Each structure stands twice: as structure tokens, then as C-alpha cells.
Amino acid sequence: MDSINFDTFDSPAGGVELSDTLSSWRKKTNGIITKVSSLDSEATALETKVDTSNVNDNSIVLGKVQQVASNKLLGNVGSSTADVAQVEIDVTASGLQNSDDTIPSSKAVKDYVDSLFDEYSLKEPTSNATGTFNLTTTFTDIDLSSAVGSNKALVVLSLQDGSRSAEGAYFRTNGETWAAYTNQFDGATALVVGSSEKGGHIVIMTDSAGKIEGRAHDDSINDVKYKVLAFQKQRV
């Protein structure tokens with residue numbers, strides 16, 4: 001039987017005829033044809049059962065929810081009420097870099113925190129941590145970027161073996177403008193002397209290019225040995 005062309009249905013001899021009554025249809029089909037008049041009421045009852053106000057919370061189980069794509073979840077990341085949508089789960093640290101429409105996984109959070117700790121923790125330079133420089137009575141640049149990087153960093157610096165005896169040396173962050181106090185050795189931030197294995201230590205902040213400035217008290221100091229003992233990059 002073609003339901004679309006039901007009005008042209010032609011049954012075999014002795015079969016169901018369109019002119020038959022409902023009772024005849026049921027008899028000839030051994031009860032397969034149900035009482036049509038009851039369908040409306042049954043449909044109404046079904047509609048009531050699936051109405052959201054009558055669905056028990058536990059009736060909506062995970063297996064009845066549409067499949068979700070990989071690394072997605074159902075939710076709403078907008079600032080106002082909206083239909084449920086698939087929201088991306090970011091499995092890399094990039095999800096923490098000012099993203100408004102992704103949710104970071106626990107691994108992404110850990111990777112991000114680990115990367116910050118690794119980048120901004122106190123560390124010992126792996127190369128170019130030693131060298132020499134000369135000081136005059138005016139401030140000159142001392143470039144430490146090969147050891148600490150081209151960035152602001154707090155540096156622990158050792159100085160020794162300058163070629164002038166008992167000479168005060170003054171250091172500041174590159175670009176600062178304060179003048180060193182030059183009355184005798186008052187205000188010296190390190191003391192470098194000509195004797196072997198003599199010197200001092202300073203803790204100082206570099207500028208954004210990894211540089212500091214230094215000057216001698218009242219005469220030049222040559223061949224000052226330096227060593228970057230440790231540094232910590234500043235997060236800006």
C-alpha cells in the first residue's frame with residue numbers, strides 16, 4: 001500500500017477495500033489496523049509526557065545527548081543567556097592567553113604555570129656569564145644581555161681584580177640619572193682592588209635591554225672582572 005497514493009489503493013480480490021468500514025478493515029487485517037479515532041488522544045498524551053515540565057531530571061542521561069566533537073563541551077561562554085553550544089576545550093597553554101571563547105584543560109593550566117616558573121625563576125646563566133669591563137669617571141654602559149637576555153632582570157654580580165688599588169665603583173640601572181656620591185668612598189656600590197682575588201658583590205636591576213651603567217670614583221679602573229652569579233627575569 002502506498003500511503004501517499006492511498007486514494008488509488010487497489011487491494012487483491014477478497015482483500016481490504018477502501019469502501020470497507022473500520023470494523024471490516026480490522027477483521028481482514030487480523031487487528032493490525034488500530035482504532036484510528038484513538039490516535040489523536042494518544043498523541044496528546046505523548047506530547048504531555050515529553051513536555052519539559054514533566055521530564056524527570058534523571059530521565060535525560062548522557063547516552064541521549066547528541067555526540068560532542070573532540071575537545072568540546074556543551075555550554076555558553078557568552079555574557080548573556082543563550083542556547084547551549086559546543087565550547088572548545090583548549091589543551092595547550094594558549095587557552096590562558098586572553099581567549100574569551102575557550103576553556104583551558106587542567107593540563108593547559110599546569111603547562112602555563114610551569115612555563116611562568118621556568119621563565120621567571122632565579123637561575124644561573126648557562127653561558128656568557130663572565131667578562132671584563134673598564135670604568136672611567138663618567139657612567140658607561142655595561143652590557144649583560146648575553147647572560148641575562150635582552151630584558152629587565154635582577155642580577156647578582158661579583159666584581160674583582162680591577163687594575164687600580166682601593167678604588168670605589170658605582171653602578172646603576174642603565175638610563176637612570178642620579179649622580180653617584182663621590183666623597184671619598186661613601187656611596188660606593190662595590191669595591192674593586194688591584195690585589196688578586198679581591199672585590200665585592202652587587203645586586204642590581206638591568207634595563208629592558210639587559211644593561212647597567214658603571215663609573216669609577218676619581219680615576220679609571222681597567223680590566224674589572226665580572227661574573228653573573230644568578231639572575232631573575234622581571235615579568236612586565
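The residue pairs whose first member lies in the range 206-220 and is under 25 Å from residue 164 (Cβ atoms) and surrounded by 15 or more Cβ atoms within 10 Å (Cβ to Cβ), whose second member is of a type in the set (Lys, Arg) and at pLDDT below 90, and whose beta carbons are closer than 8 Å, counting only pairs six or more residues apart or on different chains, are 216/164.
Considering only residues in the range 197-236 that are under 16 Å from residue 172 (Cβ atoms) and of a type in the set (D, E, K, R), the one that is farthest from the chain's Cα centre (by Cα) turns out to be 215.
Residue-level check: of (1) in contact with a Phe, Trp or Tyr (Cβ under 7 Å, 6 or more places away or on another chain); (2) under 19 Å from residue 70 (Cα atoms), residue 104 misses just (1).
Within the group 139, 231, 185, 171, which residue is over 23 Å from residue 123 (Cα atoms), among the aromatic types (Phe, Trp, Tyr) and modelled with pLDDT of 90 or more? Before the answer, list the steps.
On the way: 231 fails: over 23 Å from residue 123 (Cα atoms); 185 fails: modelled with pLDDT of 90 or more; 171 fails: over 23 Å from residue 123 (Cα atoms).
Only one candidate qualifies: 139.
Considering (1) closer than 30 Å to residue 205 by Cβ; (2) surrounded by fewer than 16 Cβ atoms within 10 Å (Cβ to Cβ), the lone condition that residue 100 does not fulfil carries the number (1).
Listed here are the residues, each with its yes/no results for (1) at pLDDT below 80; (2) loosely packed, with under 11 Cβ neighbours inside 10 Å; (3) out of contact with any Phe, Trp or Tyr (no Cβ under 8 Å at 6 or more places or on another chain); (4) more than 30 Å from residue 112 (Cβ to Cβ).
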{"site": "34", "(1), (2), (3), (4)": "yes, no, yes, yes"}
{"site": "37", "(1), (2), (3), (4)": "yes, yes, yes, yes"}
{"site": "44", "(1), (2), (3), (4)": "yes, yes, yes, yes"}
{"site": "52", "(1), (2), (3), (4)": "yes, yes, yes, yes"}
{"site": "69", "(1), (2), (3), (4)": "no, yes, yes, no"}
{"site": "74", "(1), (2), (3), (4)": "no, no, yes, no"}
{"site": "86", "(1), (2), (3), (4)": "no, no, yes, no"}
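The values are calculated or read from the model by the stated rules, or taken from the named source; none is laboratory data. A quick note: this is a predicted structure, and the numbers were derived from the prediction, not measured. We place every Cβ from the backbone using ideal geometry, glycine too, and count neighbours over all the protein chains shown.
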